1. What residue among LYS26, LYS87, LYS162 has the largest mean-square fluctuation in a Gaussian network model of the chain, using Cα springs under 10 Å?
2. Placing +1 at every Lys and Arg Cβ and -1 at every Asp and Glu Cβ, with all other atoms neutral, what dipole size does the chain have around its Cα centre, in debye to the nearest 20?
3. With the dipole of the chain worked out from charges on the C-beta (+1 for Lys and Arg, -1 for Asp and Glu) around the Cα centre, which of SER80, THR53, PHE3 lies farthest toward the positive end?
4. Mean Kyte-Doolittle hydropathy of -1.0 or higher plus an axial Cα length of 30 Å or more: which whole DSSP H helices in the chain meet both?
5. Comparing ILE49, ILE135, ILE81, which has the greatest mean-square fluctuation in the GNM of the chain with Cα pairs linked when under 10 Å apart?
6. Carbon and sulfur: what percent of the chain's accessible surface (1.4 Å probe)?
7. Could you tell me which GluC sites (Glu not before Pro) in segment 132-176 are loop residues by DSSP with no more than 13 other beta carbons within 10 angstrom of their beta carbon?
8. In whole angstrom, how far apart do the alpha carbon centroids of segment 111-176 and segment 40-54 sit?
Amino acid sequence: MKFTFTEKRIDATPAMKEYAEKKITKIDKYFKTESEAFVTFSTERGRYIAEVTIKNNGMFYRVKETTGDMCASIDSAVASIERQIRKNKTRLEKRIRAEAIDFAPAYDDEPEEAEFKVVRNKRFSIQPMSVQEAILQMNLLEHEFYAFRNADEGDAFAVVYKRKNGDYGLILDAKD
């Protein structure tokens, strides 16, 4: 597993990084291919935050845990990410088994997972505009995100979104 550490408003000691590596490396047993782990250490109002993102085979698992102790935050983040991975793997395995033998098993060790349910569909035309116009439109509609065609990038599909800290993010279509 490849690690990338980031520090925000805190100086992470080598022991802290080593502890995080040791704990997060245990998650590698769930993957067949090489994974990447992005770990962010930060502090806010006397609380320690461990943010762990694991990328494997195009899938991202992300957890943010806040406690009074950095080691506890790391432990909690690892436990949460393990749950996410197990839940996702179980869901994928059930779907593959069901497709292979054309029916779902009647009994299982894990509780039944609910299917993702789409409760509303919308259709609208996507207009070319600048990023600033898209942010303005998003704010006027009081939405958390807004899809548009980015006029500055040759009308490529894009999404602007509001981040938790109040800033904005931009997702662009990756045209190769």
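1. LYS162
2. Dipole of the chain, to the nearest 20 debye: 220 debye.
3. Farthest towards the positive end: SER80.
4. For the chain, where a helix must reach 30 Å along its axis and average at least -1.0, the hits are 70-101.
5. Comparing ILE49, ILE135, ILE81 in the GNM, the peak value goes to ILE135.
6. On the way: 6280 of 12610 Å².
Answer for the chain: carbon and sulfur cover 50 percent of the accessible area.
7. Numbers: sites: GLU133, GLU142, GLU144, GLU153; in loops: GLU142, GLU144.
In loop regions of segment 132-176 (DSSP not H, G, I, E or B), the sparsely surrounded GluC sites (Glu not before Pro) are GLU142, GLU144.
8. Each part's Cα centre sits 27 Å from the other's.
The values are calculated or read from the model by the stated rules, or taken from the named source; none is laboratory data. Computed from a predicted model, the values in this text were never measured in an experiment. Heads up, the Cβs are rebuilt from the backbone with ideal geometry, glycines too, and the neighbour counts pull from every protein chain shown. These accessible areas exclude ligands, DNA and RNA; they are computed on the full protein's heavy atoms, side chains included. Shrake-Rupley method; radii C 1.70, N 1.55, O 1.52, S 1.80 Å.
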